[in-house]
Amino acid sequence: MLAYEDVGIRFGGNQAVQGVTGSITPGIITAIIGPNGAGKSTFFNLLSGFYKPTSGRIIFEGQDITRLPTHEVVALGIARTFQTTTIYKELSALENAVLGHRVRTKSGLWDALLGTGRERREGKASLDAAYTALKRVGLEQQAHVLAGNLTQEAQKRVSIALALATNPKILLLDEPAAGINPEETVNLTRTIRELAAGGLTVVLIEHKMSMIMTLADHIMVLHHGQKIAEGSPAQVSRDPAVIEAYLGGHAAPHVREELKADLEQEAARLGSQHA
Ligand SMILES: Nc1ncnc2c1ncn2[C@@H]1O[C@H](COP(=O)(O)OP(=O)(O)O)[C@@H](O)[C@H]1O
Ligand SMILES: [Mg+2]
């Protein structure tokens, strides 16, 4: 479906992503994990056309999309959210989703904001797409609430709706549960699972190991811009290279402690399951 061959990008002297080869399997949830600065968000930027790789190729459904502008990548069916929530707090949830749809499907922001003839014709389509997207994330009741007045979790849902408004085949979520509490995380996890159950291919970057372990069918691990492991949650959480990457001093101390606890808990859970 979506394949990447030897993909890399260099910023000055910093090789942020290097030699990553593999593919996203359709119809499942893939998680990308790795310590801070591993290159996860950069990898999403490459897959979604926001950055152009300095090496390698990206192929979507047989087509080379490596050099395509982002709105063409979106049109083919790849949508993403950003690590920091990028919504307009002074607009309603629905207006956000409409704007998200227009900006992402146009070559320029001006096209989206100025009322050109084409734009007016497409207005109704944007509104329908936006409303459908809000429904998919369970926000139809809050469609007319100002985004700034919504809970943190609902704001996360709005940012997912912005991406869904383009009706993607693949949804890339960059840390969707950052900054929300455990209960909200469980609710958001359920929504992501439902989206996947509805046939959407989901790729998610996440630090919350509990969320990854309950959602991911497949995990890819990045470290220093390189893929160091890939496999089922059980395989990856036992992989010595992964444990070393997390516990070997590269992660910040509090992250390290948290991940260590999560990995131990996960190992115990898997142990009791397979006993
Ligand atoms: N636009 C950019 N310009 C320069 N360096 C960048 C840029 N984007 C990312 N990087 C660098 O790429 C590396 C990986 O960052 P990132 O992908 O954000 O990591 P992660 O999401 O895994 O925490 C970091 O060293 C970061 O500073
Ligand atoms: Mg990141």
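Structural remarks
- Given their separation in residues at 0.36 nm each and the Cα-Cα distance between them, Asn149 and Gln226 gain 23.7 nm when the chain is fully extended.
- Length released on extending from Ala241 to Asp6, taking residue separation times 0.36 nm less the Cα-Cα span: 82.6 nm
- Under the simplified labelling scheme, the Val186-Lys52 pair shows an inter-label distance of 4.8 nm, with each label point 7 Å from Cα along Cα→Cβ.
- Sequence of Tyr88, Tyr246 once ranked by neighbouring C-beta atoms within 10 Å, starting from the fewest: Tyr88, Tyr246
- Taking other Cβ atoms within 10 Å as a rough exposure proxy, Val242, Val158 sort from fewest to most as Val242, Val158.
- Remark: region 200-215, residue by residue, has Karplus-estimated 3J(HN,Hα) of 7, 7, 10, 10, 10, 9, 7, 9, 6, 4, 4, 5, 4, 5, 8, 9 Hz, where x stands for each Gly or Pro and the curve is 6.51 cos²θ - 1.76 cosθ + 1.60 at θ = phi - 60°.
Values quoted throughout were computed directly from the atomic coordinates according to the rules given, and no laboratory measurement underlies them. None of these values were measured; they are calculated from a predicted model. Virtual Cβ from ideal backbone geometry, glycine too; neighbours counted across all protein chains shown.
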